[in-house]
Amino acid sequence: MAPLNDPRNDVNFPDIGNPQAMAQALNLFTVAGQWAEKLSLVGDLQLGRVPAGKSSALRTLGGVQTILAQGEARPERILRRFFMGVTEIWRQMHELNQHFFPAEKQIRISGVLEPTQDPYQSVRDTDIKGRFDFDFKANVLNASKLALQQGLRELMGIYVSPLAIEAGISTPETIYRLLRDFGKALGQDPDAYLQEPFPGASKPPILAEEAITMIMDSQMPEGPPMEGAPAHLQKLQAFTEVDEFGFLTPDQVKLFQLYMEEIARQARAAQQQTALAEAAGDTNTNGGEAPGETPEMAPPMANQNELIDESLPTAGGGGSQ
């Protein structure tokens, strides 16, 4: 250390106990924390704490749940930006595949397959020619479980109603999928409480065109009809009248027949369900009486300390004699 003649005056020792300096430092820390929250989108709400200065307004169960539900929607911005990046990556990969993809390439199907199913398929470069639009969507339901539960609960009150069922808008398959999604939103296993209205109802729905394409690839389609069993069956019957049907192999024709029989069974079950719903609606409308009969009107009830008009048949006066 260098010797000093007057250490008290030659060296400046800051006064840490200065109130103004301490307040300025705390304000800087607060501003820095706000900047960090804006950058990371993680604040007191995301960490399960009530923000400073809002304790008197949020120290209730409903208030805390509402504010936390609003805070859960903020990661949706991050998801949207992430999906935009993934979309650009897929678009570039598709452009490169169109130029460098081999004339015929074998690919392996991932996942659990049937024992008799071939895990390898051949893809030609002509199958991926063209311009495609890749899109990944994000909304508040991706981040907020509470918003998802509330939305599904409101849909159940509207879709699962006598009017929707009698009109055929809500079917057993659509109601089953709605209840299944609601069970997943609550964090439960819906398969432990729900039973499929028909085999394969829990799988993603498919169009008739997709089912025909799978049969042409010697695969048995799996999944409920997206357009409904009757309309799905009409498309399959229309395909038997076109020239492309003659290119199916004998094994593919057997698959097509088995699939048509299953869809026809589902169509008959849907028609029976609709007939039962219509019969139940007619019974409720008639009130259980035979057609043409009019149910008797019940006598009016008298309020407390009120005399009944003796001219009425049930009054016990002269009208009943």
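The values are calculated or read from the model by the stated rules, or taken from the named source; none is laboratory data. This one's a predicted model, so the numbers in the text were calculated from it and none came from an experiment. Reconstructed Cβ throughout: ideal geometry from the backbone, glycine too, with neighbour counts over all protein chains shown. For accessibility, only protein heavy atoms count, side chains too; no ligands or nucleic acids. Shrake-Rupley method; radii C 1.70, N 1.55, O 1.52, S 1.80 Å.
Determine whether I165 is open to solvent by less than 30 Å² (accessible area, probe 1.4 Å) and β-branched (V, I, T). Talk me through it step by step, then tell me what you get.
Values: open to solvent by less than 30 Å² (accessible area, probe 1.4 Å): no; β-branched (V, I, T): yes.
For I165, the condition - open to solvent by less than 30 Å² (accessible area, probe 1.4 Å) and β-branched (V, I, T) - is not met.
How many residues are open to solvent by 40 Å² or more (accessible area, probe 1.4 Å), of a type outside the set (S, T, Y) and under 21 Å from S170 (Cα atoms) if we restrict to the range 186-204? Full working, then the answer.
Initial filter on the range 186-204 (open to solvent by 40 Å² or more (accessible area, probe 1.4 Å)): 186-189, 191-197, 199, 202-204.
Remaining after also requiring of a type outside the set (S, T, Y): 186-189, 191-192, 194-197, 199, 203-204.
Subsequent filtering for residues that are under 21 Å from S170 (Cα atoms) retains 191, 194-197, 199, 203-204.
Final tally of qualifying residues: 8.
Y259 passes all but one of (1) under 25 Å from L152 (Cβ atoms); (2) touching a residue at least 12 places away in the same chain (Cβ under 8 Å); which number fails?
Looking at each condition in turn, Y259 falls short on (1).
Taking the range 70-125 as the region of interest, how many residues are modelled with pLDDT of 80 or more, among the hydrophobic types (A, V, I, L, M, F, W, C) and within 26 Å of Q219 (Cα to Cα)?
Matching residues across the range 70-125 total 4.
Just to verify a result, which residue in the range 242-256, among those that are hydrophobic (A, V, I, L, M, F, W, C) and assigned to a helix (DSSP H, G or I), is least open to solvent (accessible area, probe 1.4 Å)? It would help to see each step written out before you state the result.
Here is the first cut: in the range 242-256, the ones hydrophobic (A, V, I, L, M, F, W, C) are 242, 245, 247-248, 253, 255-256.
Still in the list and also assigned to a helix (DSSP H, G or I): 245, 247, 253, 255-256.
Values: F245: 49, F247: 164, V253: 37, L255: 41, F256: 5 Å².
Step by step, filter the range 242-256, then rank; the result is F256.
Could you tell me whether E210 is free of Cβ contacts under 8 Å to residues at least 60 places away in the same chain and within 29 Å of S122 (Cβ to Cβ)?
When the stated conditions are applied, E210 passes them.
Restricting attention to the range 158-212, which residues are modelled with pLDDT under 85 and small (G, A, S)?
Within the range 158-212, A167, G168, A185, G187, G200, A201, S202 qualify.
Pairs needed: first member in the range 86-99, in contact (Cβ under 8 Å) with a residue 24 or more places away in the chain; second member anywhere, part of a helix (DSSP H, G or I) and open to solvent by less than 80 Å² (accessible area, probe 1.4 Å); C-beta distance under 6 Å; at least 6 residues apart or different chains.
N97/I128
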